[in-house]
Amino acid sequence: MKRKNYWFMFAILLLSLTSLSPSFDLSNNIGSDPPGNDPLPPSQTPDQPESDLGPIQVGVQLDDAEFQQLLEMNEEIVQETGAKVDIVQLSAAASDMESLIQKMSLGDGPDVLLVDSHWIKPLALKGHLLPIEASQAVIPDSQLPGGLLEPVQWNGYQWGIPFDIDPYVLAWKPEDMEGDLPASRKGWQAFKKKRDPKAVFTLDPEDPYAFAAAVYALGGDPEKPDRQVLNLLARHQSSSWLQFRASPMKQADEADNTSPVIIAPFSSAYGGLPDGFRIKILADNVSAYKPVVRSRSYAVTAQSSQSGSSALAMNWITEITALSRERLWAEKTGRLAALPVTYNISDSAVRNSGGMEAVERLRALLGKHAAAGLHFGQEDGFLQYMQSASGLLRGVITAEEFRKSYAGTGK
């Protein structure tokens, strides 16, 4: 009897302890929210962070009229998106570019650049740019002529987006040339002999593309000029081939301008071609050398990544390079769009001189070949080319000193 009472009391005690202890959830919370993390109703869900609206800074190398046009286009984007974008001018002079690179090395610089495409590789080499593939924006490079991409590609990445192109031209009056332009170096030399000691070409001595165009016009290689063409263009006390003007096309009608041929960018002829002049774009399918074309590209700087604005920077570039804005830019500035857009050239002088037909031939050429690379075959050689060209034209260096930049190449 005592044994039965003992087991009965033990069962009551066990039931009592079980009822007092917390229950165990054998489901291990599968399919349920953990304690303390119950989902909030939609109205109580925490706000998502707003899109990055800036501010960002865009540094550009533009003339005054182009700068004003870009400001107007940017204002349209700002009104549409609410982003804060500040556009500032950058000098294209070699010394000023060196200063900009130094500032960027210290982490101080714009978030976006619009610069000569020749600067893209040097900036990428120094770690100052972000590769375009790292962005999330849609890049219209599939429609770009392949020849425009070479200057902005390095180490397997693309570092810039070509925006506009400006081929170099010869401008002249047919009556001053006794017909058409000479077709060879010997032809130019014969023409010069008749004019001695007067100059043949007018150009800006601080413009490396004008120098390269003079080399091309005389049948030379703009990338690595031969000894003879350098000696022809070098500064001499007499019989100089060149006359210098900071704005050759605008100063064509000055009384002391005695040379019959102007070397200048296509854009300077747009809206500014003197009466009676014709133009010829220096791009020839039968030439053994690459054409002289200046292009400018947008790039996103490493500075934008540090400030957390790289996505906005890339989105802004996507907006500014849209087809409609490329078309407007070309029509307003005379700079040819990098993208193959159709636009109206209002300048009848350019149209009547055969300029637009030459533009189409140039586009076809750039679809297959790159423009002349003014860097002596070095990724970061543009600065040296600029300084060497100016030095040769002004008599600071000789032709042999110029050639030291590419000695041993057979030129």
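The values are calculated or read from the model by the stated rules, or taken from the named source; none is laboratory data. Not measured: the values here are computed from a predicted model. FYI the Cβ positions are ideal-geometry reconstructions off the backbone, even for glycines, and counts take in every protein chain you see. For accessibility, only protein heavy atoms count, side chains too; no ligands or nucleic acids. Shrake-Rupley method; radii C 1.70, N 1.55, O 1.52, S 1.80 Å.
Summary of computed values
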quantity: Radius of gyration, Dmax [segment 140-255; alpha carbons; angstrom]; calculated: 17.4, 52
quantity: FRET efficiency for LEU323 and HIS236, using Cβ-Cβ distance with R0 set to 45 Å, rounded to 0.05; calculated: 0.40
quantity: Spin-label pair GLN251/LEU71, simplified geometry with 7 Å Cα→Cβ offset, distance in nm; calculated: 2.7 nm
quantity: Nearest-10 value in Å² for the accessible area of ARG363, using the 1.4 Å probe; calculated: 40 Å²
quantity: Accessible area of HIS369 in the full protein assembly, 1.4 Å probe (Å², nearest 10); calculated: 100 Å²
quantity: 19 Å Cα-Cα threshold exceeded, pairs from LYS224/LYS280; LYS173/LYS224; LYS224/LYS404; LYS173/LYS250; LYS103/LYS126; calculated: LYS224/LYS280; LYS173/LYS224
quantity: Ranking by accessible area, most exposed first, for LYS193, LYS224, LYS332, LYS280 with a 1.4 Å probe; calculated: LYS193, LYS332, LYS280, LYS224
quantity: Neighbour net charge for GLU66 - beta-carbon separation under 12 angstrom, K R +1, D E -1; calculated: -2
quantity: At most 15 other Cβ within 10 Å, DSSP loop - GluC sites (Glu not before Pro), segment 140-220; calculated: GLU178
quantity: 11 Å beta-carbon shell around LEU218, net charge (K/R +1, D/E -1); calculated: +1
